[in-house]
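A short write-up of the structure that comes next.
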Amino acid sequence: NAGVTQTPKFQVLKTGQSMTLQCAQDMNHEYMSWYRQDPGMGLRLIHYSVGAGITDQGEVPNGYNVSRSTTEDFPLRLLSAAPSQTSVYFCASSWTGEGEGYTFGSGTRLTVV
Amino acid sequence: DAKTTQPPSMDCAEGRAANLPCNHSTISGNEYVYWYRQIHSQGPQYIIHGLKNNETNEMASLIITEDRKSSTLILPHATLRDTAVYYCIVRVGYNTDKLIFGTGTRLQVFP
């Protein structure tokens, strides 16, 4: 049981490049979310999903796309990277009922130059 | 989800109890209080949650006031490894679709 796995752990992009941050969980959780955390700041919700085929926007969705084709995977796509997207990105998953809430991955540190 | 208010920072001596307050005056009847913490730049870690009753687990205790408008997270014997940012979050427990973080309380445990 690996929990929530994020890849890559570090990434440097040039402005305008696109890339996909991967997130996978092996706990059969229905709910998954993506957050970003800027230096010295709290976590902000980008997109979330309540199940395969269902996604919705969070607090800061602009510049990001998501899809949820399987229960296990929830990739985050940066369409055209900008320096303002330099941040640490966390993926999280949760089951549907009351319980321990979300399990977080270890994060992806993204720098856009 | 209801908004929460926490002090930005607190200090605690190692070995003493750390009591972290949280105000959630607009909480609804079906909303739970969750506590998470983030150590340095790691992913947040679940600590404890509750609805009405006080709760205790191996990490901490959660005291919720009778009117549910505030709560306190208690770390009974704080250690240096408990230095972290602690987040109090109010959310619906069932069919919960998202978790919104506030600014949290930065707890510094000193020797």
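Bear in mind that the values in this text are calculations on the coordinates, not laboratory data. These numbers were taken from a predicted model, which means no experiment stands behind them. Cβ coordinates were reconstructed from backbone atoms using ideal geometry, including for glycine residues, and neighbour counts include every protein chain displayed.
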What translational D, rounded to a whole number of µm²/s, comes out for the protein assembly as shown from Stokes-Einstein when the hydrodynamic radius is the Kirkwood one over Cα pairs, at 37 °C and 0.692 mPa s? 182
Which residue fluctuates the most in chain A, going by a Gaussian network model with Cα springs under 10 Å, if the choices are A:Met19, A:Met27, A:Met41? A:Met41
Apply the Karplus parameterisation 6.51 cos²θ - 1.76 cosθ + 1.60, with θ equal to phi minus 60°, to every residue of segment B:55-61 and state each ³J(HN,Hα) to the nearest whole Hz, in sequence, with x for glycine and proline. 10, 9, 9, 5, 9, 6, 10
Cα Rg, Dmax (largest Cα-Cα span) when computed across chain B, Å: 13.2, 43
With +1 on each Lys and Arg Cβ and -1 on each Asp and Glu Cβ, and nothing else charged, work out how big the dipole of segment A:1-83 is about its Cα centre, in Debye to the nearest 20. 340
Bin all alpha-carbon pair distances of segment B:1-50 at 10 Å intervals from 0 and give each bin's fraction as a whole percent. 19, 47, 30, 5
Just to be sure I follow the definition: excluding the sites themselves, where is the longest run in chain A that has none of the trypsin sites (Lys or Arg not before Pro) in a DSSP loop with at most 11 other Cβ atoms within 10 Å? A:15-113
